[in-house]
Amino acid sequence: MSLVISNLRYADPQSMLIDMDVTKDGETFPFTYAADDSAPLSNEVRALLQVGSHPVEAYAEPVPDAASLRAYAAGARWRKETAGLAVGSFHVATDDRSKALIQGAYLQAQRDPAFTAQWKTASGSFVTITAAAIEAVALAVAAHIQACFAKEAEVVQAIDNHVIDSFAQIDAAFDALT
């Protein structure tokens with residue numbers, strides 16, 4: 001039984017695993033070697049690695065496919081959309097519950113220009129918010145949400161046009177949103 005290993009490349013950034021092609025008894029198949037694996041085939045590969053010269057290619061981050069990039073873009077949009085934003089002098093939460101509460105207060109303010117409400121801030125203190133202030137908050141939140149979706153549409157178009165091909169580029173696109 002002869003064993004031949006070829007096309008060695010690190011399978012992880014820490015260089016702990018080696019992907020390779022193994023040919024044994026005339027059959028070639030992919031194999032991932034781990035130094036701490038004591039299976040018979042791993043022992044045979046280890047013996048070859050110790051006695052021979054087998055250059056190992058550097059690890060290369062896998063290139064994500066378009067579907068993975070689109071899914072990541074949707075997640076990046078969601079994270080940005082729900083991260084909150086500054087409106088005037090206070091931070092406004094933009095999770096779904098907060099958006100619903102803001103919308104409800106905005107609807108009340110539209111019906112009653114003298115509307116005021118006690119609003120709990122991120123720090124836990126309460127402030128009195130007026131109809132004009134809640135309108136400013138609601139409009140800022142709506143603009144923020146639309147900007148996030150517009151950015152996602154832009155990013156998806158760039159993915160489809162092969163301009164964006166990495167998760168880091170998607171992160172940078174959403175980081176540019178204020």
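Quick notes on this structure:
- Being surrounded by 12 or more Cβ atoms within 10 Å (Cβ to Cβ), outside any strand (DSSP E or B) and not assigned by TED's automatic domain parsing to the domain that holds Ser166 is a property that Val45 has.
- Listed by first and then second residue, the pairs linking a residue in the stretch 55-76 that is in contact (Cβ under 8 Å) with a residue 24 or more places away in the chain and loosely packed, with under 14 Cβ neighbours inside 10 Å to a residue that is part of a helix (DSSP H, G or I) and among the hydrophobic types (A, V, I, L, M, F, W, C), with Cβ atoms under 7 Å apart and 6 or more places separating them unless they lie on different chains, are Ala66/Ile159.
- Boolean, Asp36 is without any contact (Cβ under 8 Å) to a residue 40 or more places away in the chain and acidic (Asp, Glu): yes
- Close pairs from the stretch 150-178: first assigned by TED's automatic domain parsing to the domain that holds Ala76, partner in a helix (DSSP H, G or I) and hydroxyl-bearing (Ser, Thr, Tyr), Cβ under 6 Å, at least 6 apart: Phe167/Tyr72; Ile170/Tyr72
- Per the conditions (1) surrounded by 15 or more Cβ atoms within 10 Å (Cβ to Cβ); (2) within 25 Å of the chain's Cα centre (by Cα); (3) closer than 30 Å to Glu135 by Cβ; (4) not β-branched (Val, Ile, Thr), the sole criterion not satisfied by Ala105 is (2).
- Those residues of the stretch 77-102 which are in a loop (DSSP other than H, G, I, E, B), surrounded by 13 or more Cβ atoms within 10 Å (Cβ to Cβ) and of a type outside the set (Gly, Ala, Ser), in sequence order: Thr82, Thr94
- Residue in the stretch 23-42 that is farthest from the chain's Cα centre (by Cα), counting only those that are surrounded by fewer than 15 Cβ atoms within 10 Å (Cβ to Cβ) and part of a helix (DSSP H, G or I): Pro40
- Selection within the stretch 48-66 - of a type in the set (Gly, Ala, Ser) and assigned to a helix (DSSP H, G or I): Ala66
- Residue within the stretch 77-100 that is β-branched (Val, Ile, Thr), under 18 Å from the mean Cα position of the chain (by Cα) and closer than 17 Å to Leu177 by Cα present: yes
The values are calculated or read from the model by the stated rules, or taken from the named source; none is laboratory data. Because the structure is predicted, anything quoted here is derived from the model rather than measured. For neighbour counting, all protein chains shown are included, and Cβ atoms are generated from backbone atoms with ideal geometry for every residue, glycine included.
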